[in-house]
């Protein structure tokens, strides 16, 4: 079995490092290079002629759609595996399964499955059909993204679960915590990671429903059962779900005022 040549594209150094580490032990795979921008991705694709490109959708100087559109004009276009933090438009666009995707944070088992599928598509060797599929997917993604932008606030998120992805309604979220480059979305059914920060989460949901209680925690206002301020130890909120969340001192006064206003 011949090696498949892979180019990874992401504007975050840690994401590229993670992909490199995940690819290293996979047999019959050659990680030939990486790129951190749209321009560099196109240049490296021309120089290295990879079989497969792991392509981040959102980058600082543009997006993966631009790269895919340019590659789709070539007769030697690689198989594209999009990498995404999974904005809600993405899952709808990928429903037809024509081109694969990986959800951040990427897991080895899912990566291996995507690469097996990419190898199968390469063996079919119908470049013209592959390019047509890629062009159609990019059109669908752009149209879905534009439609998504018309909604000011999100009412749901599509998040990774053990068996794939799960739809999580904003109304079902008890609290949100910061986890390095991700946030953990906590519901009564469990927790899920999503790429981004608490500040970014706040911008994506309707104001007034969540309150910041700590630099690393955001809770649903209606889910607060009790504010506890013991003489010894730090303050905390007890949620109706039974979960305890710490309250930072700088947020305590505003939280009290917020609870009185309910």
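The values are calculated or read from the model by the stated rules, or taken from the named source; none is laboratory data. These figures come from a predicted structure and were not determined experimentally. Every residue, glycine among them, receives a Cβ derived from its backbone with ideal geometry; neighbour counts consider all protein chains shown.
Values as computed for the structure displayed
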quantity	calculated
Residue 63 closer than 18 Å to residue 15 by Cβ, at pLDDT below 85 and crowded, with 16+ Cβ neighbours inside 10 Å	yes
Selection count, the stretch 206-233, where residues are under 15 Å from residue 184 (Cα atoms) and out of contact with any strand residue (DSSP E or B) (no Cβ under 6 Å at 6 or more places or on another chain)	1
Unique match (being modelled with pLDDT under 95, surrounded by fewer than 22 Cβ atoms within 10 Å (Cβ to Cβ), assigned by TED's automatic domain parsing to the domain that holds residue 109 and touching a strand residue (DSSP E or B) at 6+ places or on another chain (Cβ under 8 Å)) among 77, 37	37
Boolean, residue 89 is within 19 Å of residue 109 (Cβ to Cβ) and modelled with pLDDT under 90	no
Residue, surrounded by the fewest Cβ atoms within 10 Å (Cβ to Cβ), within the stretch 141-159, restricted to residues that are modelled with pLDDT of 65 or more and out of contact with any helix residue (DSSP H, G or I) (no Cβ under 9 Å at 6 or more places or on another chain)	152
Strands (runs of 3 or more DSSP E) (entirely within the stretch 164-262) containing at least 3 residues that are without any contact (Cβ under 8 Å) to a residue 24 or more places away in the chain	164-169, 182-187, 224-228
